[in-house]
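Notes follow the structure.
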Amino acid sequence: MNISFIGIGSATASLSHRATRETSKDEMLVRRIAGGDQLAMRSFFARYQTPLHRWLLRLVRDESLAEDLLSDVFLDVWRQAAAFEARSSVSTWLMAIARYKALSARHRRTHAALDDETASTIVDPADDPEIVLV
């Protein structure tokens, strides 16, 4: 019995070609966005909206915050598309923008001041009579 793996090289080449084609398509969209092409921005948004939203939601664990961050990320893409230097893939650049925004939002949220109503709902363990007896 003779098993041949001739097709593996062509499958790998096909996947590599597909990845290269997708990368060049993304870079073309970013160049068009840099030129103010609104249709390119819509296409870019449609392509990345769902996976980016899911990723942001995993990072911040807050639906409304993830939606706000998603809008901010795509606004930054619109504003900064001309600054894209293709040192990484477009998806990596997009994820870096999203990650920075998510981490900044999480940092801001943990340092937010408490209002009186929220502060009054926090239980003070020192008020527990059992702890006082110890």
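Quick notes on this structure:
- Descending by average beta-carbon neighbour count within 10 Å, the peptides 100-108, 40-48 line up as 40-48, 100-108, the highest first.
- Gain on full stretching of the segment that runs from ARG61 to ALA96 - 0.36 nm per residue minus C-alpha separation: 10.8 nm
- Average accessible surface for the stretch 18-81: 61 Å² per residue, computed with a 1.4 Å probe over protein heavy atoms with every protein chain in place.
- Here the stretch 67-106 is assigned +1 on the Cβ of each Lys and Arg and -1 on the Cβ of each Asp and Glu. Its dipole about the Cα centre then comes out at about 160 debye.
The values are calculated or read from the model by the stated rules, or taken from the named source; none is laboratory data. Being a predicted model, the structure only gives us computed values, none of them experimental. Don't worry about glycine lacking a Cβ; one is built from the backbone with ideal geometry, like all the others, and counts go over all protein chains shown. SASA here: full protein model, heavy atoms, side chains in, ligands and nucleic acids out. Shrake-Rupley method; radii C 1.70, N 1.55, O 1.52, S 1.80 Å.
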